[in-house]
1. List the lysines whose Cα sits under 17 Å from the Cα of B:Lys63, skipping any in the same chain fewer than 8 residues away.
2. Taking a cut-off of 17 Å between Cα atoms, list the lysines near B:Lys98, but don't count ones fewer than 8 places away on the same chain.
3. Cross-link candidates for A:Lys209: which lysines have Cα within less than 28 Å, leaving aside residues fewer than 8 places away along the same chain?
4. Do you know the relative contact order of chain B, to the nearest whole percent, from alpha carbon pairs under 8 angstrom that are 6+ apart?
5. Take the alpha carbon atoms of region B:379-423, find their center, do the same for region B:267-323, and report the distance between the two centers in whole angstrom.
6. Only helical DSSP H runs with n ≥ 4 go in: add -39500 (n - 2.57) per run for chain A, normalise by residue count and round the 222 nm mean residue ellipticity to 500 deg cm²/dmol.
7. Would you mind working out the accessible area per residue for region A:3-211, using a 1.4 Å probe, and quoting it in Å²?
8. Using only atoms on other chains, find how many Cβ atoms lie within 10 Å of each Cβ of peptide B:283-291 and report the average.
Amino acid sequence: MTTTVNFPASVIRLDNGLTLIHQEMSATPVVVADVWVRAGARAEPAEWAGMAHFLEHMIFKGTDHLPPGVFDYAIETQGGMTNAATSHDYAHFYMTIAADTLPQTLPYLADLLLHAAIPADEFGRERQVVLEEIRQAQDDPDWLGFQAMSELVYQNHPYGRSVLGTTEILQQRSPEEMRCFHQAHYQPHNMTVVITGGIPLDQTVEMVKHAFRTFPAAPPCPAATIAPLPLAQGVHREVLSLPRLEQSRLCMAWVGPGIKQLEAAYGLDLLAALLAEGRSSRLVRELREDRQLVQDIAAGFSLQQDCSLFTIQAWLEADHIDRVEAIICDRISELTATPIPEPELVRAKRLLCNDYAFSTEAPGQIAGLYGYYGTVAAPDRCLTYVPIIQGYEEAHLRQLAAQYLTPLRYVSTILRPA
Amino acid sequence: MTASLLQAPRLHRTVLPNGLTVLVLENPVADIVSARLFIRAGSAFETAKDAGIASFLMGLLTKGTEAQSSMDIAETVESVGASLGTDAAADYSIISLKTVSSDFADIFALAADLLRQPSFPEAEIDLEKRLTLQQIRSMQEQPFTVAFNQLRQAMYGDHPYALPGIGTEASVTAFDQDTLRAFHQRHFRPDNLVITIVGRITPEDAIAQVEKNLGDWVAPASLPATPVFPPVTPSGTCTVTTQDTNQAVVMVGYTAAPVKHPAYATLKLLNTYLGNGLSSRLFVELREKRGLAYDVSAFYPTRLGMSQFVTYMGTAPTNAAIALEGLRFEVERLRDTVLSEEELQAAKNKLLGQYALGKQTNAQIAQMLGWYEVLGLGVDFDEQFQEMVTAVTLVDVEAVAQEFFHSPCISLLGPEAVVGPLAAELA
């Protein structure tokens, strides 16, 4: 058992390989338990697409000792709440409850995660729920646009598939396959338990050790098929015509560095803020406020394990699409060619550093942050965010822009009214 | 966990000589200060003719004052990485801000200036109008929004709550500087304001900031306007939008008590019982046991005027009829099915627990305290509400269900082949 220091939280590797992250916040009577599992859609074989997310639903369907619904009822009737989410890189399950109820509730959560029964009748019923989730997503034009863009950017890499999977694939899956996926991946070395809030360390360690002690043996399970990320070449454009669309969208996407190059990734986050965060940012000011060519424009940066994604999205009239796309390409080129004025850089840095401070106020936010970094990198890496952002110099940023944000290599997805 | 905010000795409530109410809660834990500036006027003051004026005006507050342009304002806020936003709700409007504590004085002074001296520049009005009209059109893209707008219109008729807060194409097109100035002059006055400041700041400092920026603002001699609400009677109508969607949306809305009505706490409890969380009745019966929906829930907004109790789900079009039947059955069975003591207690624990969890950040606390104050409930309502919930009995539940859960308005959206026949059957 080793403990890492220099971090406001304790990171403890239990003997069975499970990682526990704990931070006491004595000012709050609330505790958050957030369990992260390195078993998102990225862990699926392509023919099992949607399994990780469907499993997240089935985890709540109980164990041999815990009938379906008992856990939800126990948490909620003690005034707490619980939910879960699945992404490509992870699935996580969390509950927020009064600190003094953790000893009774944590064993339930652990039992669900370690010993999900995945009963056949529940499997069939819950599949209907997931199919409804897919239907609902298909009525959302932004979801359709994001999906089309992901396919174009990532091609056969798992990031190109929807986390939800497809109706056809889900119809063919069985409870046996899901149990296999579950037992293979929900193993201690793949899991991080984060506990934050009004509870001391010693008590937490004992509780977690006890609750997460009996893992089933991992069965053989079809391995993930992780096709390499495609080499970006040239400009790829796709136009989708959608019914009931009232406004066109233009989404331009560039692939950036993955979690292993955290410094470069944070630099792209800074460039996103510089370009389109707030009314005084470059693109919002020019395209929305001054030239009024777009209804809105935003830049996004999302960090993932294998690569990150830098996007610029505009909501606009269809006949402005080409012009706006050309202007954005120009501005991206200028970014690399012209020194960034100091006040602009300072502004973007403060926006991001304050956002970081504003989003680490409640125990749930902190648990999420540690759990995410613990799952894709190391928990204390999140602490490097503010110093790295603060330390960026303009020449270095421009170098990054030249390396990653070229107008010669990107994917453009356009939604237009049918 | 259900401890009241009032038990915290740190809450300070002050009314300035000009009638402005200030609430301050010092919370030194994080280096953050959140403030909310509430104006006691929202879309409830609107008619069909000026629908959306409150929302439009709030959007324009940050687009220019006597001394500063829209870009000046954006730069002031963004250069220190603060957040500053505006919004209009049914019963109030609001400026929200959040800063690290050392930037608070500057950004608060800016917010006070926006509140007091907006200039509504013509060019900004034109831009905002264009953006708002497009936003109104874009609402048509979201099936849930279309179904809800249609339900609200059917339930409320001539009542101001009938209209979407953003307004209509006709009303927004007609806005000009004069309409904005008139609304501002009528409602923006110190005795119509509640300011809450929560975070790493002393009460003395916070109150001094308010006095410095807003203390010399004199309230007019006339009394502030209060909204007039026409009566709402349950109409039992069914409205339909046909769209070739993958899912049908089914919504059932009942007329429900305003916040100052004795049935308020009981209805909040019933909303929790039916629609809140993974163990709620609708979730368990319609999703977990029957697989009918991914999204199935209920909501009952807190309103000064007559509210609504809405249940809804999105479902495969072929399931629309059983979805509607299921939603209605679960709500209306409460008129003659008495809950068990255990069910009632479970719902109370859930509601009170989640209520407490909703007070974790400075911003959440600032929002809740100011909201109670601006609605005229007072900050004591935080504690009173919890006592009222605790006191609800099985007899109350049945009586309230009988009073409100009848003659619902139904809103359907989906493919013609499904919603057409269903609506015809209901007609």
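The values are calculated or read from the model by the stated rules, or taken from the named source; none is laboratory data. Computed from a predicted structure; not experimentally measured. No Cβ is skipped: glycine too gets one built from the backbone with ideal geometry, and neighbour counts run over all protein chains shown. SASA here: full protein model, heavy atoms, side chains in, ligands and nucleic acids out. Shrake-Rupley method; radii C 1.70, N 1.55, O 1.52, S 1.80 Å.
1. B:Lys129
2. Result set, ordered by chain and number: A:Lys349, B:Lys359.
3. Of all the lysines, those that pass the test against A:Lys209 - Cα under 28 Å, at least 8 places apart if same chain - are A:Lys61.
4. Details: 795 pairs, mean separation 97.8, N = 427.
So the answer I get is 23 percent.
5. After rounding, the separation between the Cα centres reads 10 Å.
6. Details: 14 runs with 173 residues, N = 418.
Mean residue ellipticity, 222 nm, calculated: -13000 deg cm²/dmol.
7. On the way: 7080 Å² over 209 residues.
Counting only protein heavy atoms, the per-residue value for region A:3-211 is 34 Å².
8. Going residue by residue through B:283-291 and averaging, the value is 4.
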